[in-house]
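Only one structure is covered here, and it is reproduced in the block below.
Each reported figure results from applying straightforward, stated rules to the coordinates on display, with no laboratory input. This is a predicted model, so every value here is computed, not measured. Here the Cβ is made from the backbone with ideal geometry for all residues, glycine too, and neighbour counts use every protein chain on show.
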Amino acid sequence: MAAPAAALNCEDFSLFQEVLKVMRTIDDRIVHALNTTVPTVSFSGKVDATQTCKQLYESMMEAHLNRDKAIKTCIAQTSEVVEKLREKRAQDSENLGLIKQLRKEQTKLKLMQSELNVEEVVNDRSLKVFNERCRIHYTPPKVN
């Protein structure tokens with residue numbers, strides 16, 4: 001379902017986004033999953049909707065946590081690189097190659113941080129759809 005965080009490449013932002021896209025598959029297909037697994041009223045006797053909704057919720061939460069952890073890991077790694085480059089620039093402020101590299105890493109860091117916002121929107125949308133279809137079958141535990 002979700003790719004492991006270890007497979008996430010923090011060096012190349014386009015690969016980073018590609019892995020996140022694959023990891024977001026469960027959220028992209030939430031409507032289809034709900035339509036095919038949660039029965040309508042007329043078919044409610046044939047499927048255990050409570051168990052189905054619970055399993056889907058747990059899978060969704062696991063995917064959300066894995067993505068959040070992966071994004072934050074890459075942000076931390078890139079922040080370290082930016083900090084090291086800043087220290088080098090402080091010692092050699094005339095080095096244009098170093099300044100370019102620092103700007104590149106800073107841009108990548110900002111893009112990765114913006115992925116946290118994207119993640120929040122994706123998660124909110126998935127939870128909204130989930131709650132619309134499963135609220136009568138399964139109530140997720142309260143998160144503090």
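The angle between the Cα long axis of helix 96-134 and the longest principal axis of the Cα atoms of the chain comes to about 10 degrees, rounded to the nearest 10.
For the pair SER114 and GLU87, a Förster radius of 25 Å applied to the C-beta separation gives a FRET efficiency near 0.50, rounded to the nearest 0.05. Helix 13-23 and the longest principal axis of the C-alpha atoms of the chain enclose an angle of approximately 10°. Taking the Cα centre of the chain as origin and assigning +1 to Lys and Arg Cβ atoms and -1 to Asp and Glu Cβ atoms, the resulting dipole is close to 240 debye. Straight-line cross-link reach from LYS88 at under 17 Å between alpha-carbon atoms covers these aspartates and glutamates, not counting any fewer than eight positions away in the same chain: GLU80, GLU105. Here the scattering of the chain is modelled by Debye summation over its C-alpha atoms, one equal scatterer each and no solvent; at q = 0.16 Å⁻¹ the log10 of I(q)/I(0) is -0.85. Ordering ALA70, LEU127, SER114 by Cα displacement along the dipole of the chain toward the positive end leaves LEU127 in first place; charges were set at the Cβ atoms of Lys, Arg (+1) and Asp, Glu (-1). Count Lys and Arg as plus one, Asp and Glu as minus one, and take only other residues whose Cβ is under 10 Å from that of GLN101; the net charge is then +4.
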